[in-house]
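Before any comments, here is the structure.
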Amino acid sequence: MLLNQFLLLGAVLFCIGVYGVIARKNAVMVLMSIEVILNSVNINLLAFDRIWMQADPDRLPHGNVFALYIIAVAAAEVGVGLAMVLLIYRNRRSIALDELSEMKG
Amino acid sequence: MVAASDIVVAQNIGFGLIALVMVVFALGVVSGSNVVHAALSLVMVMAGAAALYVLLAAEFVAVTQVLVYIGAVMVLFLFGVMLTRAKLGRDADLNNRTWYIGIPVAVLLLGVMAYSLIDSFEDTKIAADTAPVNTEDVSDLIFSAYLLPFWGLSFVLLAAVIGAIVLARKD
C-alpha cells in the first residue's frame with residue numbers, strides 16, 4: 001500500500017465535507033458534514049502514525065492518541081451542537097441557517 | 001504462510017472497496033434530499049473509516065470509532081433529526097440558494113491538496129507486515145506525555161454535558 005492512497009482518500013472526504021458545509025442549509029446536515037471532515041482527518045493521522053512506526057518500531061503511537069482525542073472532541077461537539085440546534089428550533093420553529101441573520105452588522 | 005506480496009494484493013483490494021464505499025456514501029451525505037437517509041449514509045462512512053483503521057493496524061481506535069461514532073453520535077444525530085421534526089420523506093429545501101459555490105471551492109481545495117500530496121509523498125510505501133499498535137502503548141502515552149491534554153479533554157466533556165443540558169432544557 002502507498003501512503004498516498006490513504007492521504008488522497010482523506011483529501012477527497014475532506015473536500016466532500018467542505019462542500020457539504022457550504023451547500024447545506026439544514027443545521028443538522030451541516031453537523032453531519034463536519035463529522036465527515038473529522039473522520040478524514042483521523043485517517044490522515046493514523047496513516048502518518050503507521051509510517052513513523054515502521055521507520056522506528058520502538059516509537060510510541062502518538063498518532064493514535066491524537067485520533068482518540070479527536071473522537072472525544074467530536075462527541076462533545078455534536079452534543080453541544082445538537083443542543084444549540086434544538087434551542088434554535090424551539091425558538092424559531094426552523095433550523096434553516098440562512099434565516100439566522102441577527103448577528104449581521 | 002501467506003507470501004507478503006499476496007498480503008499486499010489483498011490489502012489493496014480491501015482498500016479499494018472500502019474507499020469506494022466511503023466516497024459514495026459521503027457524497028450521499030452531502031447531496032441526498034432525505035435527512036434520515038443522509039444520517040444512515042454517515043453510518044456507512046464511519047464504518048468504512050473503522051475498517052481503514054484496522055487496515056492501518058490501529059485496532060483500539062477502530063473499536064473506539066465503532067463505539068463512540070456509530071453507537072453514540074449517530075443516535076444523537078437521529079434524535080436531532082426527529083426532534084427538529086424534519087420531513088421523513090424527501091425534502092427539497094435542504095440546500096442553500098447558493099449551494100453551487102461549494103463545488104468550485106471543494107474542487108479547487110482537492111486540486112491543491114492532491115497536487116501537494118502527490119508531490120511530497122510520491123511512493124512512500126506502507127509495509128504490509130508491521131505489528132499492530134499495542135493498546136498498552138496508547139494508554140501509556142495518554143497517561144504520561146498527553147496527561148495534561150487528557151485533563152483538558154475531561155473538562156471539555158464535562159462542560160459539553162452541562163452545556164447541552166443547560167441549552168436544551170425547557171424552563
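To keep it simple, each residue is scored yes or no on (1) assigned to a helix (DSSP H, G or I); (2) under 30 Å from B:Trp151 (Cβ atoms).
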{"position": "A:Val21", "(1), (2)": "yes, no"}
{"position": "A:Ser33", "(1), (2)": "yes, no"}
{"position": "A:Gly81", "(1), (2)": "yes, yes"}
{"position": "A:Ser94", "(1), (2)": "no, no"}
{"position": "A:Met103", "(1), (2)": "no, no"}
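Could you tell me how many of the residues in the stretch B:110-141 are buried (at least 17 other Cβ atoms within 10 Å of the Cβ) and more than 15 Å from A:Asp49 (Cα to Cα)?
3
When the stretch B:159-171 is examined, which residues are found to be within 9 Å of another protein chain (Cβ to nearest Cβ), part of a helix (DSSP H, G or I) and surrounded by fewer than 13 Cβ atoms within 10 Å (Cβ to Cβ)?
B:Ala159, B:Ile165, B:Val166
Of the conditions (1) under 30 Å from B:Ala128 (Cα atoms); (2) in contact (Cβ under 8 Å) with a residue 40 or more places away in the chain, A:Asn44 satisfies every one except a single condition; which number is it?
Every condition holds for A:Asn44 apart from (2).
Under the condition of being under 15 Å from B:Asn134 (Cα atoms) and touching a residue at least 12 places away in the same chain (Cβ under 8 Å), which residue from the stretch A:51-65 is surrounded by the most Cβ atoms within 10 Å (Cβ to Cβ)? Quick ask: steps written out before the conclusion?
The first filter runs over the stretch A:51-65 and keeps only residues under 15 Å from B:Asn134 (Cα atoms), leaving A:52-54, A:56-65.
Then drop every residue that is not touching a residue at least 12 places away in the same chain (Cβ under 8 Å), which leaves A:61-64.
Values: A:Pro61: 26, A:His62: 18, A:Gly63: 24, A:Asn64: 30.
Residue satisfying both the conditions and the ranking: A:Asn64.
Rundown of residues vs (1) more than 9 Å from chain A (Cβ to nearest Cβ); (2) within 16 Å of A:Gln5 (Cα to Cα); (3) more than 18 Å from the chain's Cα centre (by Cα), yes/no style:
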residue: B:Gly48; (1), (2), (3): no, yes, no
residue: B:Ala51; (1), (2), (3): yes, yes, no
residue: B:Phe60; (1), (2), (3): no, no, no
residue: B:Val68; (1), (2), (3): no, no, no
residue: B:Gly71; (1), (2), (3): yes, no, no
residue: B:Tyr100; (1), (2), (3): no, no, yes
residue: B:Ser116; (1), (2), (3): yes, yes, yes
residue: B:Ala128; (1), (2), (3): no, yes, yes
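Would you say B:Thr135 is at the interface with chain A (Cβ under 7 Å from one of its Cβ atoms), closer than 27 Å to B:Leu52 by Cα and among the polar types (S, T, N, Q)?
On the way: at the interface with chain A (Cβ under 7 Å from one of its Cβ atoms): no; closer than 27 Å to B:Leu52 by Cα: yes; among the polar types (S, T, N, Q): yes.
It is false that B:Thr135 is at the interface with chain A (Cβ under 7 Å from one of its Cβ atoms), closer than 27 Å to B:Leu52 by Cα and among the polar types (S, T, N, Q).
Residue under question is A:Phe66, and the condition is that it be over 24 Å from B:Gly28 (Cβ atoms), at pLDDT 90 or above and aromatic (Phe, Trp, Tyr); does it hold?
Numbers: over 24 Å from B:Gly28 (Cβ atoms): yes; at pLDDT 90 or above: yes; aromatic (Phe, Trp, Tyr): yes.
Yes: the conditions hold for A:Phe66.
So which residues in the stretch B:99-138 are in a helix (DSSP H, G or I) and acidic (Asp, Glu), if there are any at all? Before the answer, list the steps.
Restricting attention to the stretch B:99-138, the residues satisfying the condition of being in a helix (DSSP H, G or I) are B:99-120, B:135-138.
Listed by number, the residues that qualify are B:Asp119, B:Glu136, B:Asp137.
The values are calculated or read from the model by the stated rules, or taken from the named source; none is laboratory data. All figures in this text were calculated on a predicted structure; none of them were measured in a lab. Using ideal geometry, Cβ is built from the backbone for each residue, glycine included, and neighbour counts are taken over all protein chains shown.
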